[in-house]
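Some notes on the structure that comes next.
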Amino acid sequence: MDVKTTLQHQMKAMHDTLEAAIRDCSADALTYKSPGSTINSIGAIYAHTIFGEDGLLNGLVRGETPVYMAGGWASKIGLDMPQGGMEPDWTVTLDINLFREYAAAVYAATDEYLATVSDAELDRVVESGFAPPMPVGLFVANILAWHAATHQGEISALKGVQGLNGLDFSH
């Protein structure tokens, strides 16, 4: 299996797992913050994860306008797309079904990019400003996939704290 195919499979697995974690969250579960905790709500973590993939891949790596702006999602969803990390007190209220549609558009853009990316592009070095310079292929594997997996774990743990099934693969 080549690098491109491996990255395609890796990102699809991360998208599927993230969506399995978020799929059955109620509005209350999405906004719940444990008293005294420093972790954001499930909704904020999910939004951050999707905004991150869109901004990092489509903005930074591809040098294009993120799907959020290019696809008209900003006016539909009504949140400012954050620039940079996630503040612990960032509060969002999501129309989760609408936001999941945006997430699907981001996933589609990622899938399209990975299906058509050249080996030369995967070898091109990018500088994110928050990690050492690295080839695009490593950036996708070590930043984008890691980011989705890490935040999916947080979402699953936060669901468990609320008495919910952390990761439901029954669908």
Helix 146-161: inclination vs the chain longest Cα principal axis, degrees, rounded to 10, gives 10
For the chain, the longest principal axis of the Cα atoms and the Cα long axis of helix 42-53 enclose an angle in degrees, to the nearest 10, of 10
Which one of Val106, Thr116, Gln83 is farthest out on the positive end of the charge dipole of the range 3-161, using unit charges on Cβ (Lys, Arg +1; Asp, Glu -1) and the Cα centre as origin?
-> Val106
Final fewest-first order of Met134, Met11 on the 10 Å Cβ neighbour count is Met134, Met11
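State to the nearest 20 debye the size of the charge dipole of the chain about its Cα centre, where the only charges are +1 on K and R beta carbons and -1 on D and E beta carbons.
On the way: 9 positive and 21 negative charges, 41 e Å.
The calculated dipole for the chain is roughly 200 debye.
Mean separation of Cα pairs under 8 Å and 6+ residues apart, divided by the residue count of the chain: what relative contact order is that in percent?
Working: 164 pairs, mean separation 59.7, N = 171.
In percent, rounded to a whole number, it is 35.
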Can you give me the Cα centroid spacing of the range 120-158 and the range 96-119 in angstrom?
-> 15
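Readers should treat all values here as calculations from the given coordinates under stated rules, not as data from a laboratory. No experiment lies behind these values; they were computed from the predicted model shown. Every residue, glycine as well, gets a Cβ built from its backbone with ideal geometry; the counts of neighbours run over all protein chains shown.
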